[in-house]
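Peer 1: There's a structure below that I have some questions on.
The values are calculated or read from the model by the stated rules, or taken from the named source; none is laboratory data. Quick caveat, the model's predicted, so the values are computed rather than measured. Neighbour counts are summed over all protein chains in view; Cβ atoms, including those assigned to glycine, are modelled from backbone coordinates with ideal geometry.
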Amino acid sequence: MAMAEVSARHLLEIAGLDDRDLGWLLDRACALSAGAQPAVLDRTVVNLFFEPSTRTRVSFELAASRLGMRVINVELERSSSVKGESLEDTAATLAAMGAHALILRHPETGRCHRLAAELAVDLHLLNAGDGSGHHPSQALLDAATLVASGIRLEGARIAVIGDLLHSRVARSVMALFPRLGAAEIRVAGPAQLVPDSLPAGVSRVDTLDEVVQAADVIMMLRIQHERMDRHAWPDVASYHAQWGLQERHLDLAGSGCRVLHPGPINRGVEISNAVADGSRSLILEQVRMGVFARMAIFEWLFAADG
Ligand code: ASP
């Protein structure tokens, strides 16, 4: 297919945002959550999720409807992808019907980038999670949640714990928080679930007690069973004993430390009930802020269209 001149803005990963965009997106998410008037956008967006999702899909849908946009949720089992249609052809088909943006979640790492590179139509792409690759809207909403809760990211000590190897959230957060001035990012998890190479400025420690020391923010991650062979699944009880965040760990952390989790949470595995439901938890606040962060993302996405 001949490549047409396409110029639509995409959100594929944090690295694709310059500092001005980042600052604007976070300020705007916080302003919207504080009651700022949202834009009204005469646009149509399509949710195309090849992996299960509750939060992200509904959050994008709510964000779009608060901006007056039309949202189409493609039901995958009834779509032409089951008849062998390529993602590129599906995207072109949706664009031909007047869709302006595609919100894509896909199990293959890099699939959203590949689609963006091959797209021959003016269709905005939002990466809602690609395999173990990136999940930029999650990292943005995490940062917006902290800012809106009064946590200063400048100088913050961040601990990220669990299955970092398969986590696109961790990858996006490790790309974002240093740019927002975090003083340090320490990570910890089972040896087989922490990648050997970590981004510059991210350090690895060996135990949960150590990683939470003096932390201002603790981010817990789910074990991504869907990206592992069954035989590699850790035993739940021993995982919880070694890597599950419990109240006693919060005593080791900074006095104002807050706990994040992108969800879905697995109670009694990576996090105890007491922590998930406790006063340090921002987990539901992340969900609330997610809608505002995604409203800001839509406003940003379409702003360059003129
Ligand atoms: N919801 C996040 C994601 O889609 C985190 C997770 O599933 O564990 O990556």
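Peer 1: Any idea how many residues of the stretch 112-148 are under 21 Å from His100 (Cβ atoms), at pLDDT 95 or above and of a type in the set (A, V, I, L, M)?
Peer 2: 8
Peer 1: Which residue pairs have Cβ atoms closer than 7 Å, lie 6 or more positions apart in sequence or on different chains, and pair a first residue in the stretch 38-66 that is under 19 Å from Thr90 (Cα atoms) with a second residue that is among the aromatic types (Phe, Trp, Tyr) and more than 16 Å from the ligand (Cβ to nearest atom)?
Peer 2: Arg43/Phe302
Peer 1: Among Val202, Val217, Val173, Val194, which is the only one that is of a type in the set (Val, Ile, Thr) and within 24 Å of Arg105 (Cβ to Cβ)?
Peer 2: Working: Val202 fails: within 24 Å of Arg105 (Cβ to Cβ); Val217 fails: within 24 Å of Arg105 (Cβ to Cβ); Val194 fails: within 24 Å of Arg105 (Cβ to Cβ).
Result: Val173 is the single residue among Val202, Val217, Val173, Val194 that is of a type in the set (Val, Ile, Thr) and within 24 Å of Arg105 (Cβ to Cβ).
Peer 1: Which of the residues that make up the stretch 30-47 are polar (S, T, N, Q), surrounded by 15 or more Cβ atoms within 10 Å (Cβ to Cβ) and away from the ligand (no atom under 16 Å from the Cβ)?
Peer 2: If the condition is that a residue be polar (S, T, N, Q), surrounded by 15 or more Cβ atoms within 10 Å (Cβ to Cβ) and away from the ligand (no atom under 16 Å from the Cβ), then Ser33, Thr44 are the ones that fit.
Peer 1: Considering only the stretch 90-141, state which residues are within 14 Å of the ligand (Cβ to nearest atom) and either among the hydroxyl-bearing types (Ser, Thr, Tyr) or assigned to a strand (DSSP E or B) (or both).
Peer 2: Selection gives Ile103, Leu104, Arg105, His106, Thr109, Leu126, Asn127, Ala128, Gly129, Asp130, Ser132, Ser137.
Peer 1: Given the conditions (1) crowded, with 22+ Cβ neighbours inside 10 Å; (2) within 16 Å of the ligand (Cβ to nearest atom); (3) more than 27 Å from Gly35 (Cα to Cα); (4) not polar (S, T, N, Q), which single one is not true for Leu193?
Peer 2: All conditions pass for Leu193, except number (1).
Peer 1: Still on this structure, I have one more. Considering only residues of the stretch 268-296 that are among the basic types (Lys, Arg) and away from the ligand (no atom under 14 Å from the Cβ), which is nearest to the chain's Cα centre (by Cα)? Even if it seems obvious, please write down each step before you answer.
Peer 2: So in the stretch 268-296, the residues among the basic types (Lys, Arg) come out as 280, 288, 294.
From the residues that got through so far, the ones that are away from the ligand (no atom under 14 Å from the Cβ) too are 280, 288.
Working: Arg280: 21, Arg288: 14 Å.
Here the answer is Arg288.
Peer 1: If I ask for residues that are within 15 Å of the ligand (Cβ to nearest atom) and buried (at least 23 other Cβ atoms within 10 Å of the Cβ), which ones from the stretch 172-190 would you list? Reasoning before the result, please.
Peer 2: Here is the first cut: in the stretch 172-190, the residues within 15 Å of the ligand (Cβ to nearest atom) are 172-176, 189.
If the condition is that a residue be within 15 Å of the ligand (Cβ to nearest atom) and buried (at least 23 other Cβ atoms within 10 Å of the Cβ), then Ser172, Val173, Met174, Leu176, Gly189 are the ones that fit.
Peer 1: What residue, among those in the stretch 216-237 that are away from the ligand (no atom under 16 Å from the Cβ) and in contact (Cβ under 8 Å) with a residue 12 or more places away in the chain, is surrounded by the fewest Cβ atoms within 10 Å (Cβ to Cβ)? Show your work before the answer.
Peer 2: Our first condition is that a residue be away from the ligand (no atom under 16 Å from the Cβ); within the stretch 216-237, this holds for 216-217, 229-232, 235, 237.
Keeping just the survivors that are in contact (Cβ under 8 Å) with a residue 12 or more places away in the chain gives 216-217, 232.
On the way: Asp216: 22, Val217: 27, Ala232: 11.
The qualifying residue surrounded by the fewest Cβ atoms within 10 Å (Cβ to Cβ) is Ala232.
Peer 1: For the stretch 48-82: of the residues being among the polar types (S, T, N, Q) and under 16 Å from the mean Cα position of the chain (by Cα), which is farthest from the ligand (Cβ to nearest atom)? Let's see the steps before the verdict.
Peer 2: If we filter the stretch 48-82 for residues that are among the polar types (S, T, N, Q), which is where we start, we get 53-54, 56, 59, 65, 73, 79-81.
Next cut, under 16 Å from the mean Cα position of the chain (by Cα) only: 53-54, 56, 59.
Details: Ser53: 6, Thr54: 9, Thr56: 6, Ser59: 10 Å.
Across the stretch 48-82, the extreme among qualifying residues is Ser59.
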